[in-house]
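**Student:** Questions regarding the structure given below will be posed in turn.
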Amino acid sequence: MARFFINASDIQSGQVTLTGSNASHARVLRLKAGEQVLLCDGTGMEWICDVQDSGLDAVTLKVLEERKSTSEASVEVHIYMAFPKGDKLEHVIQKATELGATKIVAFPSARCVSRPDEKSLKKKLERWQKIAASAAEQSGRGIVPAVEVLPSYAKALEQASKTDLAILFYENEHATTLRMALESKSFHSVSLMTGPEGGLEEKEVDQASEAGLQVCTLGSRILRCETAPLCALSAVMYAAGEF
């Protein structure tokens with residue numbers, strides 16, 4: 001069933017008209033009267049609709065059923081990733097969205113090579129959010145993950161610590177595994193924090209511990225900065241019974 005993201009306010013008296021890029025997408029799909037589509041508002045609600053009329057510039061739909069999204073995970077996972085070089089963050093946003101993350105947050109740390117200025121960040125954020133929206137649509141998500149940027153490592157720690165379980169991954173940690181952390185308590189929300197290409201400084205790891213984050217290892221192998229958050233996210237989803 002074709003899926004489109006809309007604003008809930010677009011639905012009026014049980015009907016909605018797709019225009020702009022949604023209408024273009026519908027035209028590519030060659031939707032015809034009588035076919036059913038799924039509309040999502042990006043925050044967890046969705047509507048099964050029947051195509052009433054399909055034109056070149058607009059598609060008229062009739063709402064058949066309203067419901068909560070059936071494709072979202074039972075656990076909220078927030079990804080906190082220190083600014084990486086190049087387009088690695090774009091890759092993480094796309095794949096983390098497909099895997100079920102509800103938020104992706106970028107932040108600066110001591111060893112970050114990439115430090116986007118305010119002007120470039122505005123454009124990057126717009127692009128990153130579009131990547132998340134596209135990945136959400138392609139993977140059948142009912143929620144479009146929020147993509148955010150924080151001004152400091154301290155702010156990232158403060159925000160990450162507010163979930164039920166907050167974990168920071170450090171290559172020099174050998175005692176506590178991710179499995180141990182996940183089995184230590186029940187949780188409905190998890191924060192997963194990873195460093196940049198050069199890793200986190202020891203004092204930053206100490207800061208994380210002081211902020212209440214559990215410092216964990218992801219195994220004996222050194223993972224690339226774009227691999228670590230996706231590996232951890234997959235493990236959390238498995239532990240939560242999503243796979």
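**Student:** Let me spell out the model: positive unit charges on the Cβ of Lys and Arg, negative unit charges on the Cβ of Asp and Glu, origin at the Cα centre of the stretch 137-243. What dipole size does that give, in debye rounded to 20?
**Tutor:** Here the stretch 137-243 has a charge dipole of around 280 debye.
**Student:** Right, another one. Decide, for the stretch 103-205, between rounded, prolate and oblate: order the square roots of the alpha carbon gyration tensor eigenvalues as a ≥ b ≥ c, take rounded if a/c falls under 1.5, and otherwise choose prolate if a/b is larger than b/c, else oblate.
**Tutor:** It comes out oblate by the Cα gyration axes.
**Student:** Where the accessible area of the stretch 46-125 is counted over protein heavy atoms with a 1.4 Å probe, how much of it, in %, is carbon and sulfur?
**Tutor:** Carbon and sulfur atoms account for 46 percent of the accessible area of the stretch 46-125.
**Student:** Is there a quick way to get the dipole size of the chain? I mean about its Cα centre, with the Cβ of Lys and Arg at +1 and of Asp and Glu at -1; what is the value in debye to the nearest 20?
**Tutor:** Magnitude of the dipole: close to 500 debye.
**Student:** Once each part is reduced to its C-alpha centroid, what is the distance from the stretch 189-243 to the stretch 114-144 in angstrom?
**Tutor:** Here the answer is 21 Å between Cα centres.
**Student:** Same structure, new question: Using only Cα atoms, tell me the angle between helix 88-99 and the longest principal axis of the chain; keep it within 0 to 90° and round to the nearest 10.
**Tutor:** Computed tilt is about 60 degrees.
**Student:** Among the trypsin sites (Lys or Arg not before Pro) within the stretch 1-56, which fall in a DSSP loop and have no more than 15 other Cβ atoms within 10 Å of their own Cβ?
**Tutor:** In loop regions of the stretch 1-56 (DSSP not H, G, I, E or B), the sparsely surrounded trypsin sites (Lys or Arg not before Pro) are 30, 32.
**Student:** A further question follows. Which whole-number percentage describes the relative contact order of the chain, with Cα contacts under 8 Å and a sequence gap of 6 or more?
**Tutor:** Normalised by residue count, the contact order of the chain is 20 percent.
**Student:** Taking the C-alpha atoms of the chain, how large are the radius of gyration and the largest Cα-Cα span, Dmax, in Å?
**Tutor:** 20.2, 62
**Student:** Turning to a different aspect of this structure: With a sphere of radius 10 Å drawn around the Cβ of residue 100, what net charge do the other residues whose Cβ falls strictly inside it have (Lys, Arg +1; Asp, Glu -1)?
**Tutor:** Its environment carries a net charge of -3.
**Student:** Just the accessible area per residue of the chain, please: how many Å² with a 1.4 Å probe?
**Tutor:** With the other protein chains kept in place, the chain gives 51 Å² per residue.
The values are calculated or read from the model by the stated rules, or taken from the named source; none is laboratory data. None of the values given here were measured: they were computed from a predicted structure. Counting neighbours? That spans all protein chains shown, and the Cβs are built from the backbone with ideal geometry, glycine included. What goes into the accessible areas is simple: the full protein's heavy atoms, side chains included, and nothing from ligands, DNA or RNA. Shrake-Rupley method; radii C 1.70, N 1.55, O 1.52, S 1.80 Å.
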